[in-house]
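The structure under discussion appears below in the form of structure tokens.
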Amino acid sequence: MKELQEDKLVSELKMGSESAFRDLVERYEKKVFSVGLSFVRNVEEAEDVCQEVFIEVFRAMRQFREESSLSTWIYRIAVNKSLEFIRRKKVKKRFAMIASLFGSDNSVMDIPDFKHPGLALEDQEKGKILFEAIAKLPEKQRAAFVLHHVEGLSYQEIADVQKTTLSSVESLIFRAKQNLRKLLYDFYKNN
Amino acid sequence: MKKRKDDILNRVEETLGVLDRIEKVGPRPFFYTRLMARIANAGPAAVRSKAVKKLGYALYALIILLAVNGYSLYKSEQWRQMDQESSVETFIENYHLGIPTVYAIGENDLY
């Protein structure tokens with residue numbers, strides 16, 4: 001199928017065209033999945049986040065004011081949904097911990113053994129350590145770092161996604177790198 | 001010591017280097033079909049549940065507000081009563097009204 005131009009795609013999506021929605025999903029599913037995967041570090045959960053993102057896009061399309069590009073808007077939703085998912089998971093974990101104190105068996109499975117499907121076998125171990133360290137960064141630094149180093153977005157695009165200035169993105173990524181280096185250094189020092 | 005530090009720094013850089021070798025992968029096949037099924041199943045219900053959730057939060061906030069108000073009203077009433085009682089007691093104490101004087105003793109008590 002021939003890809004529609006972005007403005008035509010948006011207008012067709014606003015009219016509720018299903019084929020336009022399919023086109024949009026095919027265009028962005030890899031990007032959205034990749035963002036989700038970098039945040040949640042689990043393939044099934046990343047797909048869950050990916051679905052939530054497209055459901056949100058489907059629902060909110062009519063309210064999309066086109067102040068930013070479609071890709072910026074989708075990336076913004078993807079980052080927000082990923083962070084929401086992690087927060088929800090943390091709450092569930094805490095609740096499960098409390099419940100386990102009272103003998104309830106509703107424990108949430110934590111899967112620390114993350115295998116990134118986009119990495120070669122020899123990079124899997126390092127990838128696991130790297131994404132573990134990325135997960136420890138503060139939310140804004142994490143988002144900016146993932147969008148730049150994993151998704152390949154420019155600083156300006158990240159500034160648009162995060163609704164912030166170019167200089168603050170520069171500073172976020174600089175601090176993220178510093179923190180990552182420190183986290184990884186401490187990890188290797190102790191292991 | 002310095003060698004160990006250099007080794008660690010090398011490992012850090014190698015680990016960060018993984019970022020350049022990540023390949024883009026998508027979700028499992030038939031993602032669109034699963035997505036449409038989810039939209040069809042949970043479409044209006046999910047919107048409704050969001051509204052119900054919001055209403056729930058508002059209701060909780062209202063209950064907490066009423067409980068706090070009720071408690072402070074009850075406490076202030078208690079304090080007001082205590083204040084009143086203590087001021088009467090102070091008055092009695094100041095004017096020695098609690099001590100029976102010769103005028104307060106009845107005739108029968110004299111004999």
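For this structure, a couple of remarks:
- Subset of the stretch A:136-159 that is over 18 Å from A:LYS30 (Cβ atoms) and assigned to a loop (DSSP other than H, G, I, E, B) - its residue that is farthest from the other protein chains (Cβ to nearest Cβ): A:PRO138
- Qualifying residue in the stretch B:60-80 (condition: within 30 Å of A:GLN51 (Cβ to Cβ), modelled with pLDDT of 65 or more and open to solvent by 80 Å² or more (accessible area, probe 1.4 Å)): yes
- Just one of the listed residues (A:VAL57, A:VAL49) is in a helix (DSSP H, G or I), under 19 Å from A:ASP7 (Cα atoms) and open to solvent by less than 40 Å² (accessible area, probe 1.4 Å), namely A:VAL57.
- Selected residue (only one of B:ASN94, B:ASN41 is open to solvent by 100 Å² or more (accessible area, probe 1.4 Å), modelled with pLDDT of 85 or more and either closer than 30 Å to A:PHE58 by Cβ or not hydroxyl-bearing (Ser, Thr, Tyr) (or both)): B:ASN41
- Under the condition of being facing another protein chain (nearest Cβ under 7 Å) and on the phi > 0 side of the Ramachandran plot, the residues counted in the stretch B:4-30 number 0.
- A:ALA133 vs. criteria small (Gly, Ala, Ser), within 14 Å of another protein chain (Cβ to nearest Cβ) and either within 18 Å of A:VAL40 (Cβ to Cβ) or open to solvent by less than 70 Å² (accessible area, probe 1.4 Å) (or both): yes
- In the stretch A:14-28, the residues that are free of Cβ contacts under 8 Å to residues at least 24 places away in the same chain and assigned to a helix (DSSP H, G or I): A:GLU18, A:SER19, A:ALA20, A:ARG22, A:ASP23, A:GLU26
- Listed by first and then second residue, the pairs with beta-carbon distance under 6 Å, at least 6 apart or on different chains, first residue in the stretch A:131-148 and charged (D, E, K, R), second open to solvent by 10 Å² or more (accessible area, probe 1.4 Å), are A:LYS136/A:LEU183; A:GLU139/A:LEU83; A:LYS140/A:LEU172.
- Annotation note: of A:ILE129, A:ILE158, the sole residue that is within 16 Å of the chain's Cα centre (by Cα) and either more than 19 Å from A:ILE86 (Cα to Cα) or β-branched (Val, Ile, Thr) (or both) is A:ILE158.
- The residues of the stretch A:173-191 that are hydrophobic (A, V, I, L, M, F, W, C) and open to solvent by 100 Å² or more (accessible area, probe 1.4 Å) amount to a single one, A:PHE174.
- Contact map, the stretch B:35-48: residues that are within 11 Å of chain A (Cβ to nearest Cβ) paired with residues that are loosely packed, with under 15 Cβ neighbours inside 10 Å and at pLDDT 90 or above, Cβ distance under 8 Å, separation 6+ or inter-chain. Pairs shown: B:VAL47/A:ARG59.
The values are calculated or read from the model by the stated rules, or taken from the named source; none is laboratory data. Note that this is a predicted model, so its numbers are computed, not measured. Every residue, glycine among them, receives a Cβ derived from its backbone with ideal geometry; neighbour counts consider all protein chains shown. To get the accessible areas, we keep the full protein, side chains included, count just its heavy atoms, and leave off ligands, DNA and RNA. Shrake-Rupley method; radii C 1.70, N 1.55, O 1.52, S 1.80 Å.
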